[in-house]
Each structure stands twice: as C-alpha cells, then as structure tokens.
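Engineer: Submitted below is the structure of interest, expressed as structure tokens.
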Amino acid sequence: MDYLKRVKDTKVPEIDWDVDKVVSWTQFSNWQQCPHRWYLIWQKRFKTPPNIHFAFGTAMHETIQEYLELMYNGSIRQADEFDLHADFQERILSEYKKDKEKLGEHFSTPEELTEFTNDGLEILDFFERWRQTYYYKTGWKLLGIEMPLLIAPSESNPHVKLYGKLDVVMWNKEQHRIKIQDLKTSTRGWNQWAKKDPGKKNQLVLYKSWFAKQYNVPNDIVDVEYFILKRKVNPDAPYPAMRSRIQKFSPSSGKTTQNKLNKDLIRFVEENFVGKEFKEKEHEKKPSDKTCKWCPFKDKPDLCDKKNKVG
C-alpha cells in the first residue's frame, strides 16, 4: 500500500468561518485542567499576558523548521550556508516586538531578552553540531512542516472543528513508518513528572489519532516524539545525556489512551457548544496547587475565588 501517496494526495478542507467554530489542543487541554479557566480565557475573552517564553519558543520553532526544509528539500550545502544565529536573533526580536505592541508595554528586561537569546544560540550550536544524530538518517524523508489537521470530533455537532498543525512529519521509506515530531522548548528539559503530565504528553497522542483519520493511513504505522530543546544544562554533569541540549521523549500512544482522549474531546464539544456558539452554563473550578500555579487568574479573586465549585 502506498501510504506516502495517500498522505501527499490528501487535501485538508478549508475552514468555513461562517458556520464553523475552530478550537485547539490548548483549549481542550485547558478545559480538562479547569473548565472555569477555559471559560474565562476563551468565552469571556480575558487575555493572558505575553511572556518571553512564548517569543523564544516561536522563534526557535521557526528557525529549526527553516533549517530542516533546507536540509531535506534543498541540500546539505544550503543548510550549511544558512545562518542559524542571525535567523533566530531576528525572529526572537520580531516576536518580542509584536507581543510588546499588543500589550502596549515591555514585558521583559534587556537582560532577560539577552539571556534567552544567548540560550537559543547555544541550543542551535548544539543542534547543528549533532544534526546527523537526530536527522538525515538513511531512509528518512521530510513529509512536511506545519502539516494541518482539521477534524470534527463530534458527529452530533460537526460545526466545531479541532484545528492543529504538526511541527515536523517524517516518512521512512524502508520501514514504511511515519513519525510526527513536536518541537518543545524547556528551561531544563522534562523530568519524570513532566513526562506524566497529561497536558504535556497527550497532545501528540491525540494528534496521532487525528493524523491517521485525516490522511487515511493506519494508526499503527504512526509514531510520535517530543523533541525537547533545553535552554539550560549543567556542563559538569556526570552523564552526556544531562549535558545535551536535546531530549527526546515518545509517550505511550496506544488505542486505549487515544480512545479515552477522543471521548473526552467529544464531551468537551457537546457540553460547551451549540452549533458554533458557546453554551451559557456554569463551569466547574478545579483548584489545586498544580492547576493554579501557572493560572493567569490566580491573583484575581474577582474572576476566580477558588472557593465555589462553579463560576
């Protein structure tokens, strides 16, 4: 079976903004963690402030994706001539300026911006030095960068579409396998607790399920992997893996986990939307040390007092 042809021949439908409501993994994940927080951000439109981590992550994604496009679809020479440093520096400054203009004021300091930029350059130096350990191996081809997904999870409400983009998708012509890779930036990598965090690991598990449906390929030929780029490492650490700027993690992505996620996703759609419109209802609060730690509303008792179960 020519699965490669199936993927290449698939045309993902366009979004019909007149009748469709588009939601994302971030929305769904936020709802799973705390429906009230989801309600405040997406239904009531209380904005979450930008931060330097987002600007850094976007810039790093785009620089590495541009490099991979050149390496696979151009030539090694073109990739070698590509100035990773200059590209990243231009992108992080551009992202910071865009977010600053939206906010109307600075949200970082020159010192912090310099620190994050230098961390990014260290990552890119490591990535370029070790690229053949991670990419350009025998048998692998680049299928796409930012490959789109657009799926209606609920048959009873087909107007709510889940939209996502896949950072890197690879095809191994010898093994007849597809790999979906998600680029993640992190301060020091993912520890054992981060690897168990459903909000982190389950994104690719769900994307695997969507990809197989969208591109008409068997679910069991699709592998998923997080490619984690670390800003900070200990140069004196005893093991090479601890000194590496790159960490790879492949979560368990079997049918049982996929089915549970898809059931939760259908429940999210059916409990919160009528057609493309939000349902007017009360939304459960799920306060906990973990849930509330990074919540933008944790110090805003007028929006979330954490006491009442619904808001």
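Engineer: Could you check region 153-184 and list, in sequence order, the residues that are on the phi < 0 side of the Ramachandran plot and surrounded by fewer than 16 Cβ atoms within 10 Å (Cβ to Cβ)? Walk me through it before giving the result.
Structural biologist: Step one: filter region 153-184 for residues on the phi < 0 side of the Ramachandran plot, giving 153-175, 177-184.
Answer for region 153-184, where residues must be on the phi < 0 side of the Ramachandran plot and surrounded by fewer than 16 Cβ atoms within 10 Å (Cβ to Cβ): Glu155, Ser156, Pro158, Lys165, Lys173, Glu174, Gln175.
Engineer: Next question. Output yes when any residue across region 229-240 is at pLDDT 95 or above, of a type outside the set (D, E, K, R), touching a Phe, Trp or Tyr at 6+ places or on another chain (Cβ under 8 Å) and within 18 Å of Glu122 (Cβ to Cβ), and no when none is. Don't jump to the end; show me each part of the working.
Structural biologist: Filtering region 229-240 down to residues at pLDDT 95 or above leaves 229-233.
Add one more test, that the residue is of a type outside the set (D, E, K, R), and what stays is 229, 233.
From what is left, the residues that are touching a Phe, Trp or Tyr at 6+ places or on another chain (Cβ under 8 Å) are 229.
Still in the list and also within 18 Å of Glu122 (Cβ to Cβ): 229.
There is at least one residue in region 229-240 that is at pLDDT 95 or above, of a type outside the set (D, E, K, R), touching a Phe, Trp or Tyr at 6+ places or on another chain (Cβ under 8 Å) and within 18 Å of Glu122 (Cβ to Cβ).
Engineer: Another one. Among the listed residues Glu155, Glu128, Glu146, which satisfies the condition of being among the acidic types (Asp, Glu) and over 30 Å from Pro13 (Cβ atoms)? Walk me through it before giving the result.
Structural biologist: Numbers: Glu155 fails: over 30 Å from Pro13 (Cβ atoms); Glu146 fails: over 30 Å from Pro13 (Cβ atoms).
The match here is Glu128.
Engineer: Separate question: Can you go through Gln32, Gln27, Gln65, Gln78 and tell me which one is in a helix (DSSP H, G or I), surrounded by fewer than 19 Cβ atoms within 10 Å (Cβ to Cβ), in contact with a Leu (Cβ under 7 Å, 6 or more places away or on another chain) and not aromatic (Phe, Trp, Tyr)?
Structural biologist: Working: Gln32 fails: in contact with a Leu (Cβ under 7 Å, 6 or more places away or on another chain); Gln27 fails: in contact with a Leu (Cβ under 7 Å, 6 or more places away or on another chain); Gln65 fails: in contact with a Leu (Cβ under 7 Å, 6 or more places away or on another chain).
Every option except Gln78 fails the conditions.
Engineer: Same structure again: Name the pairs whose Cβ atoms lie under 6 Å apart, with the first residue in region 2-28 and under 30 Å from Glu271 (Cβ atoms), the second of a type in the set (S, T, N, Q), and 6 or more positions between them or separate chains?
Structural biologist: If the second residue must be of a type in the set (S, T, N, Q), the pairs left are Trp25/Gln203.
Engineer: Would you check which residues across region 209-242 are among the aliphatic types (A, V, I, L, M) and assigned to a helix (DSSP H, G or I) and list them?
Structural biologist: As a first pass, look at region 209-242 and keep what is among the aliphatic types (A, V, I, L, M): 212, 217, 221-222, 224, 228-229, 233, 237, 241-242.
Ala212, Ile221, Ala241, Met242, listed by residue number.
Engineer: How many residues does region 261-303 hold that are assigned to a helix (DSSP H, G or I) and touching a strand residue (DSSP E or B) at 6+ places or on another chain (Cβ under 6 Å)?
Structural biologist: We begin by selecting, within region 261-303, every residue assigned to a helix (DSSP H, G or I); these are 261-272, 289-293.
Next cut, touching a strand residue (DSSP E or B) at 6+ places or on another chain (Cβ under 6 Å) only: 269.
So the count comes out to 1.
Engineer: In this structure, is Ala79 closer than 30 Å to Thr114 by Cβ, modelled with pLDDT of 95 or more and hydrophobic (A, V, I, L, M, F, W, C)?
Structural biologist: no
Engineer: I've got another one for you. Name the residues in region 188-214 that are over 20 Å from Cys292 (Cα atoms), surrounded by fewer than 17 Cβ atoms within 10 Å (Cβ to Cβ) and in contact with a helix residue (DSSP H, G or I) (Cβ under 9 Å, 6 or more places away or on another chain), would you?
Structural biologist: Passing the criteria: only Lys213.
To keep it simple, each residue is scored yes or no on (1) within 28 Å of Gln33 (Cβ to Cβ); (2) modelled with pLDDT under 95; (3) assigned by TED's automatic domain parsing to the domain that holds Asp220.
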{"position": "Ile145", "(1), (2), (3)": "no, no, yes"}
{"position": "Leu149", "(1), (2), (3)": "yes, no, yes"}
{"position": "Ile178", "(1), (2), (3)": "no, no, yes"}
{"position": "Thr185", "(1), (2), (3)": "yes, no, yes"}
{"position": "Trp190", "(1), (2), (3)": "yes, no, yes"}
{"position": "Trp193", "(1), (2), (3)": "yes, yes, yes"}
{"position": "Leu204", "(1), (2), (3)": "yes, no, yes"}
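Engineer: Is one or more of the residues making up region 247-259 within 30 Å of Glu282 (Cβ to Cβ), more than 17 Å from the chain's Cα centre (by Cα) and free of Cβ contacts under 8 Å to residues at least 12 places away in the same chain?
Structural biologist: Yes.
Engineer: Which residues, counting only those in region 243-257, are over 16 Å from Ile180 (Cβ atoms) and assigned to a loop (DSSP other than H, G, I, E, B)?
Structural biologist: Of region 243-257, the ones over 16 Å from Ile180 (Cβ atoms) are 243-247, 255-256.
Ser244, Arg245, listed by residue number.
Engineer: What's the number of the condition Arg6 fails, among (1) outside any helix (DSSP H, G or I); (2) modelled with pLDDT under 95; (3) not small (Gly, Ala, Ser)?
Structural biologist: All conditions are met except number (1).
The values are calculated or read from the model by the stated rules, or taken from the named source; none is laboratory data. In this text the structure is predicted, and so the values were computed from the model without any measurement. Methodologically, a virtual Cβ is constructed for each residue, glycine included, from the backbone with ideal geometry; neighbour enumeration extends over all protein chains shown.
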